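What follows draws every value from the coordinates through simple rules; no lab data is involved. Computed from a prediction, not measured in an experiment: that's the story for all the values here. Virtual Cβ from ideal backbone geometry, glycine too; neighbours counted across all protein chains shown.
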Amino acid sequence: MSSATAERTQAARLPDGDVIAVLLSQHARIRDLFETVRNTRGERRKEAFDELRALLAVHEVAEEVVVRPVAKDSAGEREAAARDDEEAEAAKVLKRLEGMDVDSAEFTALFAEFERAVGDHADHEEAEEFPALMRDCTEERRKAMGERLRAIERLAPTHPHPKAAGKPAALVLTGPFAAMMDKVRDAVGH
């Protein structure tokens, strides 16, 4: 599995705003949040889990809207379908996690499984989709894709939890993962 440090290093080598750089940075942040959830308890764990859920919702919708249509052409339909299938499976596991006490042994065990699946998914994207995008898309196209992805990313609050009352952008991304994804899709007009 890639590391957050390796992803940040790779992102820094790409032009500012490149879609792959944005995605690598998101992957690094996702890995950081997994580590925080894994290594904390109580309210801090719940906050990190909520932030992870929000980032995953925005990240997956952004990939669905911005990356996957291009990846179907560059990496192939089969590759794009495999990534979509992985995301669908991860969403099912996340739904189960949402209903659990974050400090329970059951949550910890299922969360470890979820972390492995999401990490494997990111590794597949980095090994299959990203090289195809680099090969088949001009720098200008990747930057335009990156701008769209960043616009979607701005919808995510940094800490979506009940303290978000009175902050409309934060409220968009509270609640179950599926609802968050629907709200992000609606916000981007997809």
Residues of the stretch 9-22 being surrounded by 17 or more Cβ atoms within 10 Å (Cβ to Cβ) and either out of contact with any helix residue (DSSP H, G or I) (no Cβ under 7 Å at 6 or more places or on another chain) or of a type in the set (D, E, K, R) (or both), which ones?
D18
Within the bounds of the stretch 118-135, is there any residue that is of a type in the set (A, V, I, L, M, F, W, C), touching a Lys or Arg at 6+ places or on another chain (Cβ under 8 Å), surrounded by fewer than 18 Cβ atoms within 10 Å (Cβ to Cβ) and more than 30 Å from D73 (Cβ to Cβ)?
no
The stretch 23-48, residues that are free of Cβ contacts under 8 Å to residues at least 24 places away in the same chain and out of contact with any helix residue (DSSP H, G or I) (no Cβ under 9 Å at 6 or more places or on another chain)
E43
The one condition D50 fails out of (1) in contact with a Pro (Cβ under 6 Å, 6 or more places away or on another chain); (2) of a type in the set (D, E, K, R); (3) part of a loop (DSSP other than H, G, I, E, B) is (3)
